[in-house]
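As structure tokens, the structure follows; a few thoughts come after it.
What follows draws every value from the coordinates through simple rules; no lab data is involved. All figures in this text were calculated on a predicted structure; none of them were measured in a lab. Every residue, glycine among them, receives a Cβ derived from its backbone with ideal geometry; neighbour counts consider all protein chains shown.
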Amino acid sequence: MQPGYPNPAQQPPINNNMTMSIVAIFFFWPLAIPAIINASKVNPLLQQGDYAGAQAAANESKKWSKWAIIIGAVWLVIVLLCCLAGGLAGIMGSDTSTSSY
């Protein structure tokens, strides 16, 4: 084996994306659940020697986490814009300077 080259029998570590999956819960939990389930499969598959299965589970976890964060962020922006628009409409619509009795 030459120096600087990894051992071909040893696979590089796989990121299970558990942190990203947990963060995704706070954005859109329905899609974060499959992300966490897939993230929890990565390490046992690696211990069994199923590198391809572990990589597939990690990819699925990352996919579900990204979708949960994207949908949650878009939803948050929509809600904030609606709140701001409603607040501005309330401020503009309430003219209390003139009273008509």
All positions within the stretch 12-62 that are part of a loop (DSSP other than H, G, I, E, B), within 20 Å of residue 72 (Cα to Cα) and touching a Lys or Arg at 6+ places or on another chain (Cβ under 9 Å): 17
Residues (exposed (fewer than 14 other Cβ atoms within 10 Å of the Cβ) and not polar (S, T, N, Q)) located in the stretch 16-50: 26, 29, 30, 44, 49
Subset of the stretch 65-95 [surrounded by 10 or more Cβ atoms within 10 Å (Cβ to Cβ) and among the β-branched types (Val, Ile, Thr)]: 69, 70, 71, 74, 77, 78, 79
